[in-house]
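See structure below.
Read-outs: derived from the displayed coordinates by stated rules, not from any lab. What you are looking at is a predicted structure, and each value in this text was computed from that prediction instead of being measured. Here the Cβ positions follow ideal geometry from the backbone for every residue, glycine too, while neighbour counts run over all protein chains shown.
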Amino acid sequence: MRYELYIARRYLTARRKQAFISVITFISILGITIGVMALVIALALISGFQSDVQGKILGTTSHLMISSLAPEGLSGYSQIIQRIEQDEEVVFASPMVYDTVLLNGPLKSSGVVLRGMDISKEIKFSPWLQKMKQGQLPQERSKVPEIILGSDVAFRVGANVGEVVTIITASTRLSPVGPLPRLKRFRVAGIFQTGLYEYDSSSVIVPLETAQNLFQMEGRVNLIQVKIKEIFKAEEVQQRLQNVLPLETYITTWMELNKSLFSALKLEKKLMFFTIALIVLVAALNIIATLILMVMEKTRDIGILMAMGATSADIRRIFFFQGAMIGIMGTFLGVILGLLWCWLANTFQLIKVPVEIYQIAFVPFQVQGGDLAAVILVSLAISLISTLFPSYRAAKTDPVVALKYE
């Protein structure tokens with residue numbers, strides 16, 4: 001062990017008459033610990049919330065949505081899907097028909113979005129369809145048309161599995177008494193829950209062919225949903241597909257649809273990082289104060305060391321090592337306590353939030369490697385920089401003056 005490091009370690013373990021220095025050292029370590037712990041928890045909170053919301057949004061919507069600029073929708077969609085699936089980044093493409101309808105249930109009526117899907121394709125990539133909350137998926141060839149409802153829709157209209165609901169569309173049909181709204185009865189085959197309140201409270205799903213017949217869109221769809229391997233390559237895939245698809249098609253990415261939400265979360269994460277980093281900076285001032293007090297206390301020791309041949313660089317290293325040990329101990333304890341809190345909060349779901357506002361039942365914490373590395377680097381950098389002035393001042397001590405009255 002280098003003697004500078006040995007002396008620095010001895011200085012941190014103050015004897016009885018230097019108890020005040022020991023208390024200041026403890027406060028310095030505690031300040032760094034609290035700052036680092038707060039940073040780890042805050043960044044894990046934002047990352048967890050963003051990841052959870054992103055996962056639920058992408059679980060119910062697609063990475064890319066291809067629609068037609070014409071109001072009648074996309075025709076020849078089977079050929080378009082074949083072109084789309086030739087792209088190496090595309091996992092699958094699925095057609096969809098959707099429109100706003102009135103759902104008349106046993107208790108009350110409610111406006112919802114009826115979505116017609118190719119369920120046999122969607123189920124492979126949608127966990128919420130694979131694990132229905134109640135009942136089963138609708139059968140395309142059943143004698144009575146079947147429908148599945150979002151959990152909040154079912155609760156709102158008072159519909160359970162096996163009951164009959166009526167769908168009333170905005171389009172009309174001619175009758176002897178004049179135009180009447182088109183309506184169709186469905187048996188509730190199941191109830192699904194995605195975990196995204198906005199989707200569960202507004203969506204009902206039927207097989208694609210059923211929706212095409214209901215909305216008089218035989219051979220046409222409103223849009224084609226596309227899922228890709230790497231979600232952050234959506235813009236690259238968008239540009240490639242735009243070159244091979246008809247001119248009347250329009251492609252929207254998931255990032256464009258949710259740009260404001262994720263931009264706000266990213267900005268909040270940055271602001272929180274810099275704000276809480278100020279706690280670490282304030283704690284680093286304690287390191288400066290501790291080392292300056294230590295230099296004043298150890299003036300005689302510094303003079304003896306220099307008289308014995310220690311150089312100014314050796315003295316600087318002693319107090320640099322001392323400050324570095326304070327920073328390392330505080331950072332290590334802060335990281336451990338921060339990770340422990342995140343584990344406890346996730347395991348026991350400590351922080352509950354209103355699901356209808358935040359789309360999630362509790363606050364998730366997700367520690368990302370990049371964030372953790374940034375916290376450690378910032379904390380250590382601030383701690384090490386804090387040692388520069390006290391160590392420089394110690395190195396300037398004149399041994400003659402220090403030992404003058406000895």
Notebook entry, point to check: Say each of residue 297 and residue 201 gets a label point 7 Å from the Cα, pointing the same way as Cα to Cβ; how far apart are those two points in nm?
Noted result: 5.9
Checklist line | Residue exposure sequence - 143, 266 - by fewest surrounding Cβ within 10 Å | finding: 143, 266
Notebook entry, point to check: Taking only the alpha-carbon positions of the range 70-247 and ignoring solvent, what does the Debye formula give for the base-10 log of I(q)/I(0) at q = 0.16 Å⁻¹?
Noted result: -1.00
Note to self: Just to be sure I understand the rule: take each whole DSSP H helix in the chain, project its Cα atoms onto its long axis, keep it if the span is 15 Å or more and its mean Kyte-Doolittle hydropathy is at least -1.0. Which ones pass?
What the structure shows: 19-60, 259-297, 312-348, 369-386
Item checked: residue 134 long-range amide H proximity, modeled H, under 5 Å -> 191
Checklist line | Calculated from backbone phi, Karplus (6.51, -1.76, 1.60) coupling profile of the range 106-114 in Hz, x at Gly/Pro | finding: x, 9, 7, 9, 7, x, 9, 9, 8
Checklist line | At R0 = 35 Å, FRET efficiency that the Cβ-Cβ distance of residue 381 and residue 6 yields, to 0.05 | finding: 0.90
Checklist line | Peptide ranges 363-372, 91-100, 199-208 listed from the most packed, as the mean C-beta count within 10 angstrom indicates | finding: 199-208, 91-100, 363-372
Notebook entry, point to check: Total Lys pairs in the range 194-337 closer than 19 Å by alpha-carbon, pairs eight or more apart in sequence or interchain only?
Noted result: 5
Item checked: Segment residue 275-residue 373, extension gain: residue separation times 0.36 nm, minus the distance between their alpha carbons -> 33.5 nm
Notebook entry, point to check: Once the mean 1/r over all distinct Cα pairs of the range 263-309 is inverted, what Kirkwood radius in angstroms do you read off?
Noted result: 13.6
Item checked: Potential lengthening between residue 58 and residue 82 on full extension [0.36 nm per residue; Cα-Cα distance subtracted] -> 6.4 nm
Note to self: Starting from the 7 Å offset along Cα-to-Cβ, what nm value, one decimal, do you get for the label separation of residue 120 and residue 143?
What the structure shows: 2.3
Next item on the list: Could you give the C-alpha radius of gyration of the chain expressed as a fraction of 2.2 N^0.38 Å, taking N as the number of residues it contains?
Entry: 1.52
Next item on the list: Go ahead and run the numbers for FRET between residue 23 and residue 347, Cβ-Cβ distance against an R0 of 60 Å, rounding to 0.05.
Entry: 0.95
Margin query: Restricting to DSSP H runs of at least four residues, report the calculated mean residue ellipticity at 222 nm for the chain, -39500 (n - 2.57) per run over all residues, nearest 500 deg cm²/dmol.
Written below: -17500 deg cm²/dmol
Check: What is the list of residues in the range 25-59 whose amide nitrogen lies under 14 Å from a point 7 angstrom out from the Cα of residue 336, following Cα to Cβ?
Finding: 30, 33-34, 37
Note to self: Over all directions, how big on average is the projection of the convex hull of the alpha-carbon atoms in the range 212-269, in square nanometres?
What the structure shows: 6.0
Margin query: Against the empirical 2.2 N^0.38 Å scaling, what ratio does the C-alpha Rg of the range 154-284 come to?
Written below: 1.65
Next item on the list: For the range 70-179, state which GluC sites (Glu not before Pro) are in a DSSP loop and have at most 13 other beta carbons lying within 10 Å of their beta carbon.
Entry: 72, 88
Item checked: Principal axis dimensions, largest first and in whole angstrom, of the range 35-84 by Cα -> 59, 23, 14
Margin query: Suppose we keep just the alpha-carbon trace of the range 250-372; what are its Rg and Dmax in angstrom?
Written below: 23.5, 81
